[in-house]
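The values are calculated or read from the model by the stated rules, or taken from the named source; none is laboratory data. None of the values given here were measured: they were computed from a predicted structure. Because the Cβ atoms are built from the backbone with ideal geometry, glycine has one as well, and the counts that use them run over all protein chains shown.
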Amino acid sequence: MPGLIGMTCGTEAPDACAAAVTRMRGLMTHPRFGEVDAAWNDRLVAAARVHTGRLAGPTQPASRHGLVGWLDGEIVNARGLVPGEPGAEPGDAGVLLELLARDDPGAALRAADGSFAGAVYEPGTGVVRLVSDRFGLRPLYWLVHRDRLVWASTLAALLALPGFIPRIAQRTVDEFLTCGHPVGDHTLFEGVRLLDSGTVLTFGQRGEVSLERYWWWDRVRPAGASRLDEAADELGRRLRRAVEERAPADQRVGVSLSGGLDSRALLAAVPERPILPAVTFGRAGCVDVAIAAKVAALKGAVHHVAPLTQRGWLAPRLEGVWWTDGQFNIVNMHGIEAADVYREVCDAHLDGYGGDFILGGMYMGDSDTWGRFSPELVARRMKAPPGSFGPLAPWDALDRSDYYLIENRARRMNNAGTRVMQGLVQERKPLLDGDVVEFALGLPDAWRANGRLYRRMLLRAFPEYYRRIPWASIGVPISWPRGVRRIGKTYHRRDRRGDGTMRAFGLPGRYYVRYADYAAWLRLPPARGFIESLLRAPDALYPEYTSRSDVLRLWDEHLAGADRAVEVGRRLTLEIWLQQVFAERLRPWSEPTEELR
């Protein structure tokens with residue numbers, strides 16, 4: 001999995017630190033897709049980088065202005081921030097060093113767009129800085145271990161850290177089983193934290209740690225648009241620029257295309273090019289694949305479908321648990337089956353992450369929650385009791401609930417789903433472009449709520465992609481008037497047959513409503529036997545952290561016909577990860593289990 005690994009040496013011998021970093025790097029390197037830069041060290045710091053080999057830029061570390069640095073991901077507007085000298089592009093790690101060397105590094109970092117995490121070392125002083133992008137899209141974990149700063153882009157890498165004894169954080173287990181994700185900077189390892197979004201962590205000469213936000217939600221300002229149509233048109237222009245910046249003509253760029261709204265907008269906004277691959281995953285006969293095929297044909301894109309099947313969905317996801325640090329439900333890892341397709345057709349892909357909760361306002365709630373922070377709304381969305389999320393005073397001052405939900409539920413759960421993709425090709429999220437986000441969030445709540453602004457923008461900017469082609473979620477086009485759209489949505493739901501099929505207006509025939517049927521697939525071979533062998537095993541590890549009887553009750557209820565797929569999936573994920581960590585089973589380098597062969 002691409003990312004960074006490193007540590008300060010303290011009193012440890014530099015060679016021993018370099019050897020530890022090399023071992024840690026091994027636990028982060030995908031057996032098929034991972035490539036590495038050579039481990040680097042001096043007497044104070046040892047560090048390395050893992051990457052996909054796709055658009056990875058110059059070998060790292062970079063060195064500029066007396067600084068040494070590594071960067072995971074990319075700064076998409078790097079050339080605009082730091083023009084390269086003739087014949088010598090600084091590379092994105094070099095750009096990060098340039099930004100941190102400026103008189104006001106916070107302002108410089110706020111201008112950087114993209115998905116990245118960085119580590120920067122100042123050899124003259126021994127000071128180390130860790131940096132996250134403004135939305136924290138690339139995970140970077142850190143801890144102080146034996147008076148030394150240690151960082152890694154996966155929790156798994158820490159298992160090779162000398163003297164590190166993994167202890168499971170019970171609070172985070174409870175958060176994962178209840179909410180589906182950790183909260184804040186929590187991780188499943190005690191003492192290990194996730195670097196906050198938009199943050200620079202500084203580890204000083206005396207071993208002190210300081211954290212400084214260079215960007216947070218309080219920097220969003222009113223956008224100033226006077227009419228909804230005016231705002232929709234400006235938003236459309238900004239989205240086109242964001243896509244164009246992330247889809248240069250000299251790179252093989254594809255689009256992850258579903259039957260939804262977000263990815264369709266990205267496909268529509270890509271400038272014309274000879275070959276544009278679009279990749280869709282789903283079971284045969286599902287509405288997502290049918291809609292994606294229609295949209296791809298309209299664009300003239302080459303459509304590739306990676307099938308999800310009863311027999312093939314689970315096995316690839318065992319390694320997905322490892323790469324997502326045991327913090328992402330195995331039943332939600334859609335798309336991992338398409339690994340070989342992505343690697344074959346593109347070097348970078350555009351992901352529709354963010355459209356629903358940034359532009360569509362899905363976390364805003366009803367009008368009585370607008371303009372204030374609502375712990376009750378947060379609790380409902382997080383599906384956890386009020387008061388279980390720690391101090392909320394900083395969020396209360398923002399007067400918006402969806403900022404908290406974006407920072408937590410979206411970043412810690414939805415974004416984890418894109419983590420697997422980051423291990424295949426360069427992954428880009430145009431809908432989280434800084435100019436797009438700050439403009440959208442600066443508009444009146446009444447415009448953004450319930451997708452009003454978003455639908456208006458899509459219909460005005462890309463009318464041929466939305467007026468007649470249905471949205472998979474409701475089975476009708478978003479151009480339909482609100483009342484008629486509701487009738488169509490109701491019909492769409494009631495028209496579902498016992499086999500889970502329905503009609504979508506604008507498409508002939510009947511289609512499966514869902515692109516996967518995990519509820520059924522969990523009850524069928526090969527998944528059923530595998531789950532039985534894990535959850536009922538006398539030496540299962542999960543009972544140390546959650547009730548065995550509760551887990552087996554959920555599993556038995558699911559087998560009896562109730563839909564407990566989400567709850568069972570979380571507990572299955574936990575057991576797989578515990579086996580990977582403590583028993584060294586089911587890791588990416590392991591032989592396939594007998595049940596899943």
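What number goes with the only condition from (1) free of Cβ contacts under 8 Å to residues at least 60 places away in the same chain; (2) within 19 Å of Val150 (Cβ to Cβ); (3) surrounded by 18 or more Cβ atoms within 10 Å (Cβ to Cβ); (4) not hydrophobic (A, V, I, L, M, F, W, C) that Asp72 does not pass?
Unmet for Asp72, out of (1) free of Cβ contacts under 8 Å to residues at least 60 places away in the same chain; (2) within 19 Å of Val150 (Cβ to Cβ); (3) surrounded by 18 or more Cβ atoms within 10 Å (Cβ to Cβ); (4) not hydrophobic (A, V, I, L, M, F, W, C): (1).
Which condition does Gly352 not pass, out of (1) farther than 21 Å from Asp325 by Cβ; (2) of a type outside the set (Val, Ile, Thr); (3) buried (at least 20 other Cβ atoms within 10 Å of the Cβ); (4) in contact with a Pro (Cβ under 7 Å, 6 or more places away or on another chain), if it passes all the others?
(4)
Given the condition at pLDDT 95 or above, in contact with a strand residue (DSSP E or B) (Cβ under 7 Å, 6 or more places away or on another chain), buried (at least 18 other Cβ atoms within 10 Å of the Cβ) and under 16 Å from Ala278 (Cβ atoms), answer yes or no: does some residue in the range 323-336 qualify?
no
Can you tell me which residue within the range 317-361, out of those that are of a type in the set (Asp, Glu) and touching a residue at least 60 places away in the same chain (Cβ under 8 Å), is nearest to Arg455 (Cα to Cα)? Give the steps one after another, and end with the answer.
Here is the first cut: in the range 317-361, the ones of a type in the set (Asp, Glu) are 319, 325, 337, 340, 344, 347, 351, 356.
Right, trim to touching a residue at least 60 places away in the same chain (Cβ under 8 Å) and you get 319, 325, 347, 351, 356.
Values: Glu319: 37, Asp325: 36, Asp347: 30, Asp351: 19, Asp356: 11 Å.
That would be Asp356.
Just checking, which of Leu266, Leu235 is more than 18 Å from the chain's Cα centre (by Cα), under 27 Å from Tyr404 (Cα atoms), outside the structural domain of Val76 (by TED's automatic domain parsing) and surrounded by 22 or more Cβ atoms within 10 Å (Cβ to Cβ)?
Among Leu266, Leu235, only Leu235 is more than 18 Å from the chain's Cα centre (by Cα), under 27 Å from Tyr404 (Cα atoms), outside the structural domain of Val76 (by TED's automatic domain parsing) and surrounded by 22 or more Cβ atoms within 10 Å (Cβ to Cβ).
Among the listed residues Leu572, Leu522, which satisfies the condition of being within 21 Å of Glu175 (Cα to Cα) and assigned to a helix (DSSP H, G or I)?
Of the residues listed, the single one that is within 21 Å of Glu175 (Cα to Cα) and assigned to a helix (DSSP H, G or I) is Leu572.
Being part of a strand (DSSP E or B) and at pLDDT 95 or above, is that true of even one residue in the range 89-100?
No, the range 89-100 contains no residue that is part of a strand (DSSP E or B) and at pLDDT 95 or above.
For (1) closer than 23 Å to Val321 by Cα; (2) of a type in the set (A, V, I, L, M); (3) part of a strand (DSSP E or B), each residue gets a yes or a no:
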position	(1), (2), (3)
Tyr404	no, no, no
Met421	yes, yes, no
Leu424	yes, yes, no
Glu438	no, no, no
Leu453	no, yes, no
Tyr465	no, no, no
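One residue is enough: does the range 189-206 have a residue meeting the conditions without any contact (Cβ under 8 Å) to a residue 40 or more places away in the chain, in the same structural domain as Leu55 (by TED's automatic domain parsing) and over 26 Å from the mean Cα position of the chain (by Cα)?
Scanning the range 189-206, I find at least one residue that is without any contact (Cβ under 8 Å) to a residue 40 or more places away in the chain, in the same structural domain as Leu55 (by TED's automatic domain parsing) and over 26 Å from the mean Cα position of the chain (by Cα), so the answer is yes.
Scanning for something among the basic types (Lys, Arg) and without any contact (Cβ under 8 Å) to a residue 12 or more places away in the chain, does the range 460-482 turn up at least one residue?
Yes, some residue in the range 460-482 is among the basic types (Lys, Arg) and without any contact (Cβ under 8 Å) to a residue 12 or more places away in the chain.
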